[in-house]
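Quick notes on the structure that follows.
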Amino acid sequence: MAAELSTSINIKEPRWDQSTFVGRAKHFFTVTDPRNILLTNEQLAHAHKIITDYRQGIVSPGLTEDELWRAKYVFDSAFHPDTGEKMILIGRMSAQVPMNMTITGCMMTFYKTTPAVLFWQWINQSFNAIVNYTNRSGDAPITVSQLGTAYVSATTGAVATALGLNALTKHVSPLIGRFVPFAAVAAANCINIPLMRQRELQHGIPITDENDNRLGESTKAAQQAISQVVVSRILMASPGMGMKTFVSSAHLDSSCEVLLCLVFATPLCCALFPQKSSMSVSRLEPELQEKIRASHPGVERVYFNKGL
């Protein structure tokens, strides 16, 4: 008879070493696996029960370590790490590849007229807004009014940027014109992500010590988190859109190439920065530094979920 699985496995952290790029890449290849969006509610509920029970010291009969880690990644793919709520399906990172492949293909195909640019940029930025909200950092609630204001400002600003760039390239060569969608996506990410996560910039995100003891909320941490996500998202879009640009100009069908780029670019770009990001206490807001040094004098670094 097999021995019961130990309850000492640390499933609060990923299975692989997150201090290395390779470890983070393995983690995100699992998190962004497109097959996760095909999981049924029953499968998600089963994984949720396994993880919830395990955290309380209850081990499902016959559960193996590999099954536990599989349940953790199913759980992580569908439930927000801070709030615990089930995430919107198309906002999950596992939906990034199929959704971005579809939207990128349409943006690169229908880019010659203003109505087409307007429509597909709106679709793209609406999708990005959902992803940015779904993968935000922190557990503070956001009202419908705040969410609506963030969505309108983010999509309007991003679409206006795309149209402005499109207007500037009317008199350049067709090849350069094909870079407009990528330039628009890059600029729009710089607008969309901060606006959809503006509550974090205004009120801060939770910071903890290395043992996950909450120390407060920091806007400085939010700034670092959002900056890292912006860089990751821009680089995430570049391989697929760049390849589509060049092969489209050669009149080749590049659907498979774009898909391949997205499959690898999504997890690798997510892995550029640790999910559990950190910063020195000395870089926090002065009042927060004083609070931490008074109540936790030995703490030199704080940790936070950067979002995705």
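Quick notes on this one:
- Scanning region 37-64 for residues that are of a type in the set (A, V, I, L, M, F, W, C) and open to solvent by 70 Å² or more (accessible area, probe 1.4 Å) yields LEU38, ILE58.
Quick grid of which residues meet (1) of a type in the set (A, V, I, L, M, F, W, C); (2) touching a strand residue (DSSP E or B) at 6+ places or on another chain (Cβ under 9 Å); (3) part of a helix (DSSP H, G or I); (4) surrounded by fewer than 20 Cβ atoms within 10 Å (Cβ to Cβ):
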position: ASP66; (1), (2), (3), (4): no, no, yes, yes
position: SER77; (1), (2), (3), (4): no, no, yes, no
position: GLY84; (1), (2), (3), (4): no, no, no, yes
position: ILE90; (1), (2), (3), (4): yes, no, yes, yes
position: ASN100; (1), (2), (3), (4): no, no, yes, no
position: MET107; (1), (2), (3), (4): yes, no, yes, no
position: VAL117; (1), (2), (3), (4): yes, no, yes, no
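- Checking each residue in region 195-223 for being open to solvent by 30 Å² or more (accessible area, probe 1.4 Å), within 17 Å of the chain's Cα centre (by Cα) and at pLDDT below 85 picks out LEU195, GLN198, ARG199.
- Applying a threshold of 7 Å to beta carbon distances and a minimum spacing of six or more residues, or different chains, the list of pairs starting in region 15-41 at a residue that is under 17 Å from SER77 (Cα atoms) and ending at one that is of a type in the set (Asp, Glu) reads VAL31/ASP76.
- Residues of region 3-36 satisfying the condition of being open to solvent by less than 90 Å² (accessible area, probe 1.4 Å), more than 27 Å from PHE304 (Cβ to Cβ) and not polar (S, T, N, Q): LEU5, PRO34
- Each residue in region 184-194 was checked for being at pLDDT below 80 and open to solvent by less than 40 Å² (accessible area, probe 1.4 Å), and 7 pass.
- Qualifying residues in region 228-251 (those that are open to solvent by 70 Å² or more (accessible area, probe 1.4 Å) and in contact with a helix residue (DSSP H, G or I) (Cβ under 9 Å, 6 or more places away or on another chain)) - the one modelled with the highest pLDDT: LEU235
- Single residue of region 265-287 satisfying the filter (closer than 16 Å to THR219 by Cβ and touching a helix residue (DSSP H, G or I) at 6+ places or on another chain (Cβ under 8 Å)) that is surrounded by the most Cβ atoms within 10 Å (Cβ to Cβ): LEU284
- Hits in region 4-53 (condition: of a type in the set (A, V, I, L, M) and under 21 Å from the mean Cα position of the chain (by Cα)): ILE11, VAL22, ALA25, VAL31, ILE37, LEU38, LEU39, LEU44
- Test for VAL172: is it open to solvent by 40 Å² or more (accessible area, probe 1.4 Å) and at pLDDT 80 or above: no
The values are calculated or read from the model by the stated rules, or taken from the named source; none is laboratory data. Just so you know, these numbers come straight off a predicted model, no measurement behind them. Glycine also receives a Cβ, built like all others from the backbone with ideal geometry; neighbour counts cover every protein chain displayed. For accessibility, only protein heavy atoms count, side chains too; no ligands or nucleic acids. Shrake-Rupley method; radii C 1.70, N 1.55, O 1.52, S 1.80 Å.
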